[in-house]
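Have a look at the structure below, then the notes.
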Amino acid sequence: MTGRLTITDPEAFIRANTELTPTPHAPEVRLHVATESTELWRKTEEELGEIGLPPPFWAFAWAGGQALARWLLDNPEAVRGRRVLDFASGSGLAGIAAALAGAAPVETVDIDPFALAAIRLNAQANGVALTATREDLVGQDRGWEVVLAGDVCYERDMARAVTDWLEALARRGALVLVGDPGRSYLPRERLQAVATYQVPTTRELEDNEVKRTTVWRFAGLGAKN
């Protein structure tokens with residue numbers, strides 16, 4: 001029999017191929033992630049394609065998301081009782097941290113259906129409520145009070161479109177926080193640093209086992225943020 005296999009139950013696949021593990025820089029949050037002891041960690045992109053699985057960005061705690069999570073957990077007053085969007089959410093890490101800090105409601109968005117399944121499982125594991133959607137929200141404004149974006153500046157055209165949108169939301173009055181470990185297309189000249197962390201990661205994902213990662217906001221956009 002030839003042809004691509006189909007994963008009919010993403011949540012069951014995630015449970016079988018990940019481990020529920022505390023996040024290194026925000027251990028208050030546990031995530032279903034690929035580890036060195038799981039088969040998913042060792043699969044090549046070609047092997048993933050053969051089972052119908054897009055690159056599993058949701059299966060790792062990326063440095064930008066870890067930095068956002070740490071900042072939110074340490075500064076809960078920034079999000080408590082506020083409507084939050086976690087954009088390009090991946091595992092849901094930043095959104096879950098916002099919910100643990102008292103944000104409500106919390107919305108997450110990601111284009112990968114497996115990410116949505118991972119977000120649901122991770123939310124359940126951490127005892128928080130949030131929604132997850134694949135809808136294209138870039139350019140939209142639904143009145144979010146806080147918008148979180150981790151590791152979104154690794155590709156030029158996407159980074160430009162997303163950061164222009166995020167800046168527009170910030171000008172409207174939203175608190176927009178970007179977590180970034182030094183991606184190539186981060187518009188630093190338009191941002192100001194909020195906090196910087198040394199975030200544990202892995203050489204499977206990054207060029208160092210610890211990444212200097214900054215939480216940014218758009219510069220000069222009103223004190224009420």
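The values are calculated or read from the model by the stated rules, or taken from the named source; none is laboratory data. All values derive from a computational prediction rather than experimental measurement. Here the Cβ positions follow ideal geometry from the backbone for every residue, glycine too, while neighbour counts run over all protein chains shown. Just so you know, the surface numbers come from the protein's heavy atoms only, side chains and all, with ligands and any DNA or RNA stripped out. Shrake-Rupley method; radii C 1.70, N 1.55, O 1.52, S 1.80 Å.
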Query raised in the report: Simple spin-label model, 7 Å along Cα-to-Cβ: residue 183 to residue 15 in nm?
Result: 3.2 nm
Query raised in the report: Could you give the length gained on full extension between residue 134 and residue 80, defined as 0.36 nm per residue of separation minus the Cα-Cα distance, in nm?
Result: 16.9 nm
Requested in this report: Would you please give the FRET efficiency between residue 219 and residue 168, computed as 1/(1 + (r/R0)^6) with r the Cβ-Cβ distance and R0 = 22 Å, to the nearest 0.05?
Outcome: 0.90
Requested in this report: Amide H neighbours of residue 88 under 5 Å, at least 5 residues apart or on other chains, H built in the peptide plane: list them.
Outcome: 109
Requested in this report: Would you kindly calculate the translational diffusion coefficient of the stretch 95-160, applying Stokes-Einstein with the Kirkwood radius from alpha carbon pairs, for 20 °C and a viscosity of 1.002 mPa s, and quote it in µm² s⁻¹ without decimals?
Outcome: 165 µm²/s
Report summary line: Over all directions, the stretch 66-114 yields a Cα convex hull whose mean projected area in nm² is 3.0 nm²
**Report entry** Euclidean distance of C-alpha centroids, the stretch 74-115 and the stretch 141-203, integer Å
**Finding:** 14 Å
Report task. Give, in whole angstrom and from largest to smallest, the semi-axes √(5λ) of the equivalent ellipsoid of the stretch 69-208, with λ running over the eigenvalues of the Cα gyration tensor. Result -> 21, 18, 16
Query - Rg followed by Dmax, in Å, when the stretch 50-132 is reduced to its Cα trace - result: 12.3, 46
**Report entry** Dipole moment magnitude, nearest 20 debye, the stretch 79-185 about Cα centre, only Lys, Arg, Asp, Glu C-beta charged
**Finding:** 340 debye
Query raised in the report: At what distance in nm do the modelled label points of residue 160 and residue 208 sit from each other, each positioned 7 Å from its Cα along Cα→Cβ?
Result: 3.0 nm
Requested in this report: With a 1.4 Å probe and every protein chain kept in, tell me what percent of the accessible surface of the stretch 68-225 is carbon plus sulfur.
Outcome: 47 percent
